[in-house]
Amino acid sequence: MAYRKEILHKVRQDYNQKRNRALGEAAERLAALHEKYPDLAAIDSALAKTGMSLVKEIVKGSEGIQDRVAAVRLENERLQKDRADMLVFYGFSPDYTDVKYECTQCQDTGFCGVEPCLCYKKALAKEALAYAGLARLAERQSFDTFDLKYYQGDNRAMMEKVLAFCKRYAESFHEKADSLLLIGNTGLGKTHLSTSIAVSVVEKGYEAVYTSAPNLFSALEAEKFGREAQLTMQEVLDAEFLLIDDLGTENPSALNNNFLYNIVNTRLITGKPTLINTNLMPADLMKRYTDRLASRLLGEYAVMRFVGSDIRMQKIGF
Ligand SMILES: [Zn+2]
């Protein structure tokens with residue numbers, strides 16, 4: 001599984017920029033020092049010469065090479081030390097002219113040898129989250145911040161299972177993973193766990209689309225009537241993982257029901273995993289949408305029921 005081209009391109013560009021910036025700033029610091037302190041410039045040119053003589057000695061090769069190379073090395077070390085002392089004497093740190101990379105591991109290339117650096121993987125995931133519309137939610141909502149203390153008694157036991165299921169789903173996610181329907185009243189953590197799953201899917205490099213139901217349907221409506229749309233039906237159908245948050249909060253209309261049926265049906269046929277969460281209970285789903293749609297959701301999605309009492313209310317002391 002690979003990140004999509006736009007994301008790779010954007011991250012590559014960012015790395016080129018920050019590396020060039022680091023190199024450019026170091027060069028500027030050095031040039032300014034050389035201008036102000038000619039003795040430092042002299043040491044640097046002597047150092048450059050020892051580098052050259054080292055190459056020459058190696059090229060000459062043969063007899064006594066080890067001694068000659070050692071002598072040049074010694075001279076080089078002496079100059080390096082003088083240079084560091086001189087920088088300190090002028091009030092700078094000894095590494096003042098070094099290139100200050102953001103990541104010392106990969107020197108802002110994104111790669112350590114042929115392996116992508118950890119910083120690069122993180123940058124890709126971050127960009128992908130932004131691309132999926134998840135950047136802001138991902139800051140607050142992850143499996144780590146999901147707290148079972150808000151669920152009591154039998155509810156807690158049930159929510160432990162729900163949490164374990166969602167974690168397992170996220171860990172073992174693949175292109176043909178099941179679709180999920182998370183059902184339950186407001187304030188029971190459905191969005192929190194949906195986001196946690198989506199973040200983990202995105203971090204694995206899958207292309208995900210996150211959208212709230214009202215935004216989804218208004219975008220599709222805009223597209224249908226030729227207005228500028230934030231999301232197109234094609235993107236929704238093509239996404240490797242689609243998360244529709246809070247189904248049922250959109251304006252009810254026959255058009256929206258058609259959009260939804262098309263999304264659910266097409267993605268089931270193409271085997272693309274979808275996660276939908278909703279406050280609507282099964283009977284409400286049937287009433288609100290067609291039986292045909294409700295039976296697809298309830299029959300072909302893995303259904304997880306959220307139980308308990310509103311966490312948001314508990315947090316404010318009710
Ligand atoms: Zn790095």
Quick one: count up the residues across the range 16-47 that are over 36 Å from the mean Cα position of the chain (by Cα) and surrounded by 11 or more Cβ atoms within 10 Å (Cβ to Cβ).
13
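This table checks each residue for (1) closer than 23 Å to Gly133 by Cβ; (2) modelled with pLDDT of 95 or more; (3) polar (S, T, N, Q).
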residue	(1), (2), (3)
Tyr210	yes, no, no
Ala229	yes, no, no
Ile244	yes, yes, no
Glu250	yes, yes, no
Leu260	yes, yes, no
Met286	no, no, no
Ser295	no, no, yes
Phe318	no, no, no
Please go through the range 161-182 and give me each residue that is charged (D, E, K, R), out of contact with any Asp or Glu (no Cβ under 8 Å at 6 or more places or on another chain) and either touching a residue at least 40 places away in the same chain (Cβ under 8 Å) or over 28 Å from Ala294 (Cβ atoms) (or both), ordered by number.
Glu171, Lys176, Asp178
Of Lys149, Lys126, Lys167, which residue is buried (at least 16 other Cβ atoms within 10 Å of the Cβ), in a helix (DSSP H, G or I) and in the same structural domain as Asp245 (by TED's automatic domain parsing)?
Lys167
Filtered residues of the range 177-204 (kept if assigned to a strand (DSSP E or B) and not β-branched (Val, Ile, Thr))
Leu180, Leu181, Leu182
Any chance you could count how many residues in the range 122-160 are without any contact (Cβ under 8 Å) to a residue 12 or more places away in the chain and within 27 Å of Asp14 (Cβ to Cβ)?
8
Applying the selection to the range 120-132, what residues are within 10 Å of the ligand (Cβ to nearest atom) and out of contact with any Phe, Trp or Tyr (no Cβ under 9 Å at 6 or more places or on another chain)?
Lys121, Lys122
Give the number of residues within the range 64-116 that are of a type in the set (A, V, I, L, M, F, W, C), within 16 Å of the ligand (Cβ to nearest atom), touching a helix residue (DSSP H, G or I) at 6+ places or on another chain (Cβ under 8 Å) and in a loop (DSSP other than H, G, I, E, B).
3
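The values are calculated or read from the model by the stated rules, or taken from the named source; none is laboratory data. Note that this is a predicted model, so its numbers are computed, not measured. As a convention, Cβ positions derive from the backbone with ideal geometry for all residues, glycine included, and neighbour counts pool all protein chains shown.
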